[in-house]
Amino acid sequence: MILSGTTGFSAEVATGKISEIYEAVCTHQQQLTGFGFSRGFLGVSVFNYLYAVHTGEQKYFDEARLTFDKACDMIDSDSSKSYPQDFADLAAVSQYLYEAGVVDLEPNTFLSDVDTVMLRKMRFELGQKNIGGYVNGALGYGLYFLQRSRYNRENVQPAIDELIRGILYNARYTAEGCYWTSGNYPQNECTCLSFPHGSAAVILFLAKAVEMELCPARRLQEVVFDAISYIQSHGVRNEHYQYIDIVQEPGKSRLALSYGDMGIGYAMIRAGAALRNQSWYQEGITILKKCASRREESNTGVQDASILFGAAGLALMFDRISQITHEPAMKKAAEFWYHEILKYDCSPDGYAGIKAACNQWGPGANLAFSEGIIGVGCGLIKGLNPEKINFDDLIWLL
């Protein structure tokens, strides 16, 4: 049990906070007007399922099923639905809950029409030379097909092949290596290095494709080498962070699931393992060890408990890295950030005492999975039930 109380917060405190979050979600969930996972009702469904595992009570499994059905009923009327992210998440969540026995729909039947739409949209982005990242561009659609390959490998393999050809063809080469453009910043030329829009996302996608035997390693060795070389050429000396997020904006880099050194280090260890390059793997470990030593707001930029920008996302990420690497520093960092989640229980105007520090995109911001208490609750449940729960695939930790 990671949240054992040995560093200041007991399992009882975390359990009480999870129950408080559950009550707040039940009371306020109608503020979520979208169907998606990061900002909508798919997030409620996953939280209800995890709460069922945590409590062992069947009624919460039933609530997970009902809220999943509600999310699906909202798809057609959701005017804010986002391609590709919401539909990549739909594939991941539906398959996750199917495997858990929460829903009885068969993924290949349920998602067959979505497959067709997503392939058409991916081809459009490839035609625009927009490789992008996990929330936009061709790669976002590729993330959908990567998830789908677990259930529909034969039919999805051609889409993966097509995307990989597009990634290879659209790589932009410089003297330092290669990178890809992102349509997420249409007004300016922005070369992103980290998650979720940049080269680290492409590298991780390619590494996962090799790991899943969707593409031979020899085909990708050169492009991954050049992509990592380009990132390495933008290292920062004598700073608490090691890489900038955007080449054209060499400012400070936060420590988070979404941005900064964590994504780059994670991509390097995954690429090093999948493509059997010990140098990449060791550099990734070095980066992540430095990340693990950063604990203060002044050198992390962490201001809340959220998944996307805060303590919960870091706890889950270090937890995943600890499982892969078995490095003691990663386990200690995961324990630190799991306990740190509860230190942000200090906002009288937040749900369950917790409020997002930034990105207040609407009434549901402090509730939804990505920035709000649903994600925080999921993180705490994982911290209390490390052997029972794993939702890494739902948060880009492929």
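The values are calculated or read from the model by the stated rules, or taken from the named source; none is laboratory data. Note that the coordinates shown come from a computational prediction; the quantities given were computed from them, not determined experimentally. Cβ atoms come from the backbone with ideal geometry, glycine included; neighbour counts cover every protein chain shown. Protein only, heavy atoms only, side chains kept; ligands, DNA and RNA dropped before computing areas. Shrake-Rupley method; radii C 1.70, N 1.55, O 1.52, S 1.80 Å.
Ranking VAL93, ASN48, VAL135 by how far each Cα lies toward the positive end of the dipole of the chain (charges on Cβ) leaves VAL135 at the top.
Between GLU154 and ASN385, the contour length at 0.36 nm per residue exceeds the alpha carbon distance by 79.7 nm. Answer rounded, prolate or oblate for the stretch 274-369, using the Cα gyration tensor with square roots of eigenvalues a ≥ b ≥ c: rounded when a/c is under 1.5, else prolate when a/b is larger than b/c, else oblate. Cα axes put the stretch 274-369 in the prolate bin. With 24 Å as the limit on Cα-Cα distance, the pairs of LYS208/LYS343; LYS17/LYS252; LYS252/LYS382; LYS332/LYS382; LYS17/LYS208 that go past it are LYS208/LYS343; LYS17/LYS252; LYS252/LYS382; LYS17/LYS208.
The alpha carbon centroids of the stretch 321-386 and the stretch 224-293 are separated by 23 Å.
Sequentially through the stretch 247-263, phi angles give Karplus couplings (6.51, -1.76, 1.60; θ = phi - 60°) of 4, 7, 10, x, x, 5, 10, 7, 9, 6, 4, 8, 9, x, 5, 4, x Hz, Gly and Pro residues having no value and appearing as x.
Label-to-label distance for TYR169 and ASN108 is 2.9 nm, based on points extended 7 Å past Cα in the beta-carbon direction. Helix-only mean residue ellipticity at 222 nm, the chain, DSSP H runs n ≥ 4 weighted -39,500 (n - 2.57), per residue, nearest 500. What is it? Only helices count here, giving -18000 deg cm²/dmol. Between the amide H of ILE354 and those of SER347, distances stay under 5 Å, these residues lying 5 or more places away or on another chain, with hydrogens modeled in the peptide plane.
Take each peptide in 132-143, 117-128, count the other Cβ atoms within 10 Å of every residue, and average; sorted highest first, the result is 132-143, 117-128. In sequence order, the stretch 158-172 has phi-based couplings of x, 5, 4, 4, 5, 5, 4, 4, x, 4, 5, 6, 9, 5, 9 Hz under the Karplus curve 6.51 cos²θ - 1.76 cosθ + 1.60, θ = phi - 60°, and Gly or Pro positions carry x. Measuring how big the stretch 101-184 is from its alpha-carbon positions, Rg and Dmax come out at 14.4, 52 Å. Accessible area per residue (1.4 Å probe, heavy atoms of protein chains only) ranks THR286, THR109 as THR109, THR286, with the largest value leading.
For the stretch 29-178, relative contact order (Cα pairs under 8 Å, six or more residues apart, normalised by length) works out to 19 percent. Amide H contacts for GLY177 (H built 1.01 Å from N in the peptide plane; partners 5 or more residues away or on another chain; cut-off under 5 Å): none found. Once backbone amide H atoms are built at 1.01 Å from N, GLY133 has LEU139, GLY140 as its partners under 5 Å, excluding neighbours fewer than 5 places away on the same chain. The mean sequence separation of alpha-carbon pairs under 8 Å and at least six residues apart, normalised by the residue count of the stretch 288-387, gives a relative contact order of 28 percent.
In this simple spin-label approximation, ILE324 and SER79 carry label points 7 Å from Cα along the Cα→Cβ vector, and these lie 4.1 nm apart. Considering only alpha-carbon pairs that sit under 8 angstrom and 6 or more positions apart, the relative contact order computed for the stretch 170-298 is 24 percent. The GluC sites (Glu not before Pro) of the stretch 290-398 that meet both conditions, a loop assignment by DSSP and at most 10 other Cβ atoms within 10 Å of the site Cβ, are GLU296, GLU387. Taking θ as phi - 60° and the Karplus parameters 6.51, -1.76 and 1.60, the scalar couplings of the stretch 95-102 work out to 6, 4, 6, 5, 5, 7, x, 6 Hz in sequence order, x denoting glycine and proline.
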